[in-house]
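Read the structure below first, then the notes.
The values are calculated or read from the model by the stated rules, or taken from the named source; none is laboratory data. Since this is a predicted model, take the numbers as computed values, not measurements. Note that each Cβ is placed from the backbone with ideal geometry, even for glycine, and that neighbours are counted across all protein chains shown. Calculation scope for accessible area: heavy atoms of the full protein, side chains included, ligands and nucleic acids excluded. Shrake-Rupley method; radii C 1.70, N 1.55, O 1.52, S 1.80 Å.
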Amino acid sequence: MKVKLREISKVFYSEKSEEKEVLQRLSLDIYEGDFFCLVGTSGSGKSTLLKLIAGLERPTRGEVLIDDQLVERPSAKQVLIFQDYALLPWRNVQDNVEFGLEIQKIPPAKRRATAEKYIRLVGLNGHEGKYPRELSGGMCQRVAVARALTLNPEILLMDEPFSALDTITRERLEEEMVRLWELERKTIVFVTHDLREALFLGTRVGIMDSTYGRVVETEKIELPRPRRSGSAAFTALQDRLKQKLAWGRAI
Amino acid sequence: MTAKMYAHFKNLSRSAYLPVLTFITFLLLWQGLVETNLFPRAYLPPPLEVAVALLYLTGSGLLLEHIGASLWRFIWGYGLAAAAGIPLGLLLGRTNKAREAVGPLIQILRPISPIAWIPLAILWFGTGNNAAIFIIFLASFFIILLSAAASLNQVEKNLLDMARNFGAKEKDLLLKVILPAAYPQILLGLQVALGAAWIHLVAGEMIAVQSGLGFLIIDSRNLLRYDSVIAAMLVIGLLGLFINWFIKKAGDTAARKWGFSYAAPESESKVAGDKQSILFGEK
């Protein structure tokens, strides 16, 4: 078991000191090498869940375990990739990708070589000198992925990374994500509100429910790769899971 | 002359054209007001007389002396305000408790015009440089302090989370994320404070000291030399413009040196797009 969430609750306080429990006694197991896709409506606590796994937030109750170790603080072993990329606007592509290595005090020569390797991997060679504002959204997200990979994390946590992108760019990055996963076999926890995306990418999908703040259903995706979202099997599965997504939601 | 230089001058002359026209119109109107006796000469010296006064002040070395005295006070007052205001402001912005504790007091002190402090300044420091420096300090300190505190709001939480995720501790967060992100807002505060400091420098010098451009105005008035009064006013305006330009230039240079600069080098295409092939699997 790579990631184990045990009876997690997370309570936020609004400005009027009202309690809001976004996660309620949530339990979830994610296996080594899983491409786990978590689907849920916005506000269902998906992002919070990723921050808990990343160690950037602490649960109010319950515990997060990675390799049976309690997660108490952030670590470069599990890296979060943000929807808005979280690139430093005053650094060019090269320096953004080197950021993690710089923090880890890797010597400059090695930094440069490692960054170059991952910049090539995500197809951004030739753009090293460009600044984030000169890049399209898709390219920014490639930079963020390259930066995350430089420290060779065991777990990638992705928070709706492609939802701000246009459909064409998004589908291309999804394909690249699958190839990356097949290549590096990292454990990936991928959050999305798009069931199609989850079924295209994942080895397992979890359905998150906003009313209860829990994962109400997990299912192994047995569809063969490369997957096509138009195929009969894909559509059938998508329709079935959509039912569960709708049921869980109290309207 | 290379083509690039030529283009540069052409640009410059095009951008200078309107302001110069306005300036000339302004001088003509001014001269006209006096010539037509709408404003008698005794009430408004015409531009030519002011120019003569300016030449006299420059030639006698008086002007340079007063400018020197003013700039010296300015550098001290403004420099102290920046040296105290930026770190204190950052501290204030970073710690909720400090902000809660000190915030209201600052909000009460801030709207008090630095000029209202002049009696106390003279009581504490006597008439002399220190009183004037104190006034300049007050004029710029709160602006710098508050903009430095507010600059931390410019730092996106995601950037901090990202850095912490990679193992950044307080020092790295401050030097590699917070300061670069807050820098433009801090610089803006420094520029606004500069204007305020320069304005109040003159006010301080009119009361507390016996030298400087503010004193030159009062002294000329006492001698009924209104041409010199206006000449000194113009010098104050021009110097203010120059100092503002200088601070902005220095700020940009520093930003580039420290790698805080948001300005990207010139590039052919602004957005290159996702044209390149799928390369995740190229390895």
Test: residue in the stretch A:171-188 that is without any contact (Cβ under 8 Å) to a residue 12 or more places away in the chain, on the phi < 0 side of the Ramachandran plot and not assigned by TED's automatic domain parsing to the domain that holds A:Arg225: no
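Suppose the filter is among the hydroxyl-bearing types (Ser, Thr, Tyr), touching a residue at least 24 places away in the same chain (Cβ under 8 Å) and within 20 Å of A:Leu180 (Cβ to Cβ); does A:Tyr131 pass it?
No: the conditions fail for A:Tyr131.
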Restricting to the stretch B:149-165, name every residue that is open to solvent by 30 Å² or more (accessible area, probe 1.4 Å) and either under 24 Å from the mean Cα position of the chain (by Cα) or more than 11 Å from chain A (Cβ to nearest Cβ) (or both). B:Ala150, B:Asn153, B:Gln154
Based on what the data block shows, is A:Val22 of a type outside the set (Phe, Trp, Tyr) and open to solvent by less than 10 Å² (accessible area, probe 1.4 Å)? no
Can you run down the residue pairs with Cβ atoms below 7 Å, 6 or more apart or on separate chains, where the first is in the stretch A:97-108 and assigned by TED's automatic domain parsing to the domain that holds A:Gly123 and the partner is of a type in the set (Asp, Glu)? A:Ile103/B:Asp172
Looking at the stretch B:123-145, which of its residues are open to solvent by 50 Å² or more (accessible area, probe 1.4 Å) and farther than 30 Å from B:Leu173 by Cβ? B:Leu123, B:Trp124, B:Phe125, B:Thr127, B:Asn129, B:Asn130
Criterion first (assigned to a helix (DSSP H, G or I) and within 17 Å of B:Leu239 (Cβ to Cβ)) does B:Ala181 satisfy it? no
Out of the residues in the stretch A:170-219 that are of a type in the set (Ser, Thr, Tyr) and in contact with a Leu (Cβ under 8 Å, 6 or more places away or on another chain), state the one that is modelled with the lowest pLDDT. A:Thr218
Determine, yes or no, whether B:Leu29 is under 30 Å from B:Asp227 (Cβ atoms) and assigned to a helix (DSSP H, G or I). yes
B:Phe9: surrounded by 14 or more Cβ atoms within 10 Å (Cβ to Cβ) and at pLDDT below 85, yes or no? no
Going by what's in this entry, would B:Glu49 be described as touching a residue at least 12 places away in the same chain (Cβ under 8 Å), open to solvent by 70 Å² or more (accessible area, probe 1.4 Å) and part of a helix (DSSP H, G or I)? no
